[in-house]
1. Please find, within region 45-62, the residue that is farthest from the chain's Cα centre (by Cα) out of those that are without any contact (Cβ under 8 Å) to a residue 40 or more places away in the chain and outside any loop (DSSP other than H, G, I, E, B).
2. Here are some conditions: (1) on the phi < 0 side of the Ramachandran plot; (2) outside any loop (DSSP other than H, G, I, E, B); (3) open to solvent by less than 50 Å² (accessible area, probe 1.4 Å). Thr72 meets all but one. Which one does it not meet?
3. Does region 34-41 contain at least one residue that is open to solvent by 40 Å² or more (accessible area, probe 1.4 Å), of a type in the set (Gly, Ala, Ser) and touching a residue at least 12 places away in the same chain (Cβ under 8 Å)?
Amino acid sequence: MKQSYGTTADGSAVTEYTLTNTTGIEVKVITYGGIITSIRLPDRRQEMKNVLLGFATLADYETRSPYFGCITGRYANRIAGGRFVLQGQTFQLDAQNGPNHLHGGVKGFDKVVWEVTREVEGTEGAGVELHYLSPDGDQHYPGDLETYVTYFLNND
């Protein structure tokens with residue numbers, strides 16, 4: 001199932017996908033940052049509870065999120081001094097964590113709207129495939145990077 005999750009500050013539409021399986025487990029994913037916003041599982045009393053830390057609104061994910069449930073990239077972690085060497089060439093990235101580059105930069109994969117390339121619903125489970133093209137120079141990284149991420153909830 002899909003529905004609107006809102007519009008980003010720059011006017012991009014964001015969609016929420018709800019994946020469910022035959023046991024009633026439910027996972028919600030939004031196209032902004034590929035963020036998993038909710039995982040609902042039965043607790044010890046068999047009551048469905050969200051077990052994921054996150055926010056209630058798109059605006060909160062845009063302005064407050066400390067990377068909750070998102071896809072980080074191009075690099076997940078810190079790059080000391082915001083600099084790395086590739087094939088003898090030094091690349092200087094933006095530093096947004098003191099002197100360091102963190103989780104792909106100021107506008108990393110967690111802060112872009114991903115394209116949905118495939119939805120899966122069937123007897124085996126439900127899923128959604130997301131795509132993002134990070135072009136050469138994006139956040140000062142070299143080369144195009146074509147990225148696909150698939151979330152799939154099976155019935156087990």
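The values are calculated or read from the model by the stated rules, or taken from the named source; none is laboratory data. All figures in this text were calculated on a predicted structure; none of them were measured in a lab. Neighbour counts run over all protein chains shown; Cβ positions are idealised from the backbone, glycine included. In case anyone asks, the SASA skips ligands and DNA or RNA and just uses the protein heavy atoms, side chains included. Shrake-Rupley method; radii C 1.70, N 1.55, O 1.52, S 1.80 Å.
1. Here is the first cut: in region 45-62, the ones without any contact (Cβ under 8 Å) to a residue 40 or more places away in the chain are 45-56, 60-61.
Now drop any that are not outside any loop (DSSP other than H, G, I, E, B), which leaves 48-50, 60-61.
Values: Met48: 24, Lys49: 22, Asn50: 18, Asp60: 14, Tyr61: 11 Å.
My answer is Met48.
2. Thr72 satisfies every listed condition except (2).
3. Taking region 34-41 and keeping what is open to solvent by 40 Å² or more (accessible area, probe 1.4 Å), we get 39-41.
After this cut, where a residue has to be of a type in the set (Gly, Ala, Ser) as well, the list is none.
Looking through region 34-41, none of the residues is open to solvent by 40 Å² or more (accessible area, probe 1.4 Å), of a type in the set (Gly, Ala, Ser) and touching a residue at least 12 places away in the same chain (Cβ under 8 Å).
Residue-by-condition table, conditions (1) touching a residue at least 40 places away in the same chain (Cβ under 8 Å); (2) farther than 23 Å from Asp60 by Cα; (3) surrounded by 18 or more Cβ atoms within 10 Å (Cβ to Cβ):
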| residue | (1), (2), (3) |
| --- | --- |
| Ile79 | no, yes, yes |
| Gly82 | no, yes, yes |
| Asn100 | no, yes, no |
| Val112 | yes, no, yes |
| Leu133 | no, yes, no |
| His140 | yes, yes, no |
